[in-house]
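The structure appears right after this line, and notes come after that.
The values are calculated or read from the model by the stated rules, or taken from the named source; none is laboratory data. The structure displayed is predicted, hence computed values, not measured ones. We place every Cβ from the backbone using ideal geometry, glycine too, and count neighbours over all the protein chains shown. The protein model used for the area step is the full one, side chains on, heavy atoms only, and it has no ligands, DNA or RNA in it. Shrake-Rupley method; radii C 1.70, N 1.55, O 1.52, S 1.80 Å.
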Amino acid sequence: MKTKSQVSKNVTTNNPDEKRQGMKVRTVVTGHDAKGRAVFVRDEQVDGTPIPGLGELAFLWNADEPATYPNVGNNPAAPGIFPPVGGIRYIIGTYLPGVIAPEPTPEMHLEDGDEPRGANDGFHRTDTTDFGVLLSGNMALELDDGAEVVLSPGDVLIENGTRHRWRVVGDVPATLASFIIGARRR
């Protein structure tokens, strides 16, 4: 079963007409039946969506507000890669070797030179807290002062709305699971 939700003006998730690189993520979802008992409501393969300048993303859960229970376990399928305050996104991405520089979205804050093909291509910040676990490959995270850390499989990163850019280290793609929470910037 494929789900479809609008991510931004330029990206639509799980569009069967898009050429796929092959990412498929088994997703098992629980919910509540009419009597409030726990039930499995879905066990499906979610296809990845190719994203130019990035790789491929599987959008697993998107909500723009906190969940309430009991519920039937339907994915709210909120639009946009980056959620508003109180919203969440759960994404698994396979990223191609080199600097990761997707087309900017309205939620990405860019400085001079951060735009595509600019001197700082790929740098951005978002009003989110991102929790990432590297599943395979190696990725470097560079901050705006040039500091960089290389992550290996099993490493966890908590990214707190800072200006940064990603780079896949080596010649094989890297896969990162990310849980993104919308935050407020002062």
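Quick notes
- Matching residues, segment 120-133, being open to solvent by less than 40 Å² (accessible area, probe 1.4 Å) and among the β-branched types (V, I, T): T126, T128, T129
- Test for A78: is it more than 26 Å from V41 (Cβ to Cβ) and either surrounded by 14 or more Cβ atoms within 10 Å (Cβ to Cβ) or more than 18 Å from the chain's Cα centre (by Cα) (or both): no
- For segment 134-171, taking the residues that are basic (K, R) and closer than 24 Å to R185 by Cα, the one that is surrounded by the fewest Cβ atoms within 10 Å (Cβ to Cβ) is identified as R163.
- Cβ pairs under 6 Å, 6+ apart, first in segment 162-185 and closer than 20 Å to V25 by Cβ, second of a type outside the set (A, V, I, L, M, F, W, C) and assigned to a loop (DSSP other than H, G, I, E, B): V168/P97; V172/G137; P173/G137; A174/G137
- Condition broken by G122, with the remaining ones in (1) at pLDDT 95 or above; (2) in a loop (DSSP other than H, G, I, E, B); (3) of a type outside the set (F, W, Y) satisfied: (1)
- Breaking point among (1) more than 16 Å from the chain's Cα centre (by Cα); (2) modelled with pLDDT of 50 or more, for E18: (2)
- Failed criterion for I91 (all others in (1) modelled with pLDDT of 95 or more; (2) open to solvent by 30 Å² or more (accessible area, probe 1.4 Å) hold): (2)
- Restricted to strands (runs of 3 or more DSSP E) entirely inside segment 21-99, those with at least 3 residues that are touching a residue at least 24 places away in the same chain (Cβ under 8 Å) and either of a type in the set (V, I, T) or touching a Leu at 6+ places or on another chain (Cβ under 6 Å) (or both) are 24-32, 38-47, 88-95.
- Members of segment 62-75 found to be charged (D, E, K, R) and either open to solvent by less than 70 Å² (accessible area, probe 1.4 Å) or on the phi > 0 side of the Ramachandran plot (or both), listed by number: D64
- Being under 25 Å from A183 (Cβ atoms) and at pLDDT below 95 is a property that F131 lacks.
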